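Visitor: Encoded as structure tokens, here's the structure I'll be asking about.
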Amino acid sequence: MYSDDDYIMLSAINHYVHCPRRCGLIHVYGLWSDNMFTSRGNIMHERADSEENEWRDEKHIVRSLIVISKRLGLSGKADIVEFTDDDGIIIPYPVEYKSGKPKKNISDSAQLCAQAMCLEEMMNLSIEKAAFYYGTPRKRYEIDITEGLRNATEDIIIKVHDMVKNRKVPEAKYEKKCNTCSLKDLCMPGTGRKKVSWYIKGLYSTNEEAS
Ligand code: SF4
């Protein structure tokens with residue numbers, strides 16, 4: 001069980017799978033910067049957030065629902081949760097909006113699985129399926145919340161907690177994905193010698209002190 005101060009955000013799971021350093025820069029050092037890709041995602045989430053909760057085809061659609069798990073030390077927001085009544089049992093079905101296309105890694109699936117596990121704990125039930133709505137193409141993709149995905153997600157959550165608690169952010173290492181990373185200018189991958197503390201010092205010092 002985690003204390004309130006130790007909770008990590010659902011998005012940290014996604015960031016960690018994409019790049020542990022990106023996760024550390026955001027969730028340990030509190031850095032952020034938008035680029036074309038993150039701005040697209042913001043617009044898509046704003047659209048999902050701006051609409052009201054509603055009833056549609058026997059489903060109660062709730063938007064921007066806050067979810068938490070005390071067991072996993074997690075909190076965040078579910079874009080959409082569709083609730084259906086199955087003979088008196090309310091079944092939640094989380095739907096996460098993503099601006100891009102389905103990923104080859106489990107970053108999105110692990111984040112959605114964590115959302116489902118939060119809802120399970122909050123409602124004391126089991127969730128077997130969830131879905132993404134990807135902007136490219138504009139289509140839903142359903143996923144199974146399998147045992148394997150749950151285990152992989154919990155492993156990632158433990159690693160993120162460890163990183164945040166010990167403030168251990170990996171050094172920058174240039175990879176192809178760095179080209180589209182919104183934190184590239186803050187991270188400076190490929191510069192090799194420089195350590196995180198140098199970057200942080202530079203951000204909060206005058207130009208002269210940081211040089
Ligand atoms: S620039 Fe590269 S190493 Fe740095 S945070 Fe982004 S993806 Fe990670």
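Taken together, the values in this text are just the output of simple stated rules run on the coordinates, not laboratory data. Nothing here was measured: the structure is a model prediction, and the numbers come from that model. Backbone-built Cβ (ideal geometry, glycine too); neighbour counts: all protein chains shown.
Visitor: Which entries in K98/K129; K59/K104; K103/K168; K77/K129; K77/K173; K101/K165 show an alpha-carbon gap greater than 22 Å?
Guide: Over 22 Å apart, Cα to Cα: K59/K104; K103/K168; K77/K173; K101/K165.
Visitor: Would you please give the residues with an amide H less than 5 Å from that of G73, counting only those at least 5 places away or on a separate chain, with H modeled from the backbone geometry?
Guide: Long-range HN contacts for G73: Y2.
Visitor: Please give me the summed charge of the neighbours of N35: other residues whose Cβ is under 15 Å from its Cβ, Lys and Arg +1, Asp and Glu -1.
Guide: Every neighbour counted, the sum reads +2.
Visitor: Report the gain in length on full extension from K129 to F83: 0.36 nm times residue separation, minus Cα-Cα distance, nm rounded to one decimal.
Guide: 15.3 nm
Visitor: On to the next question. Net charge near E121: determine it from the other residues with C-beta under 12 Å of the C-beta of E121, scoring Lys and Arg +1 and Asp and Glu -1.
Guide: Residues near E121 contribute +1 overall.
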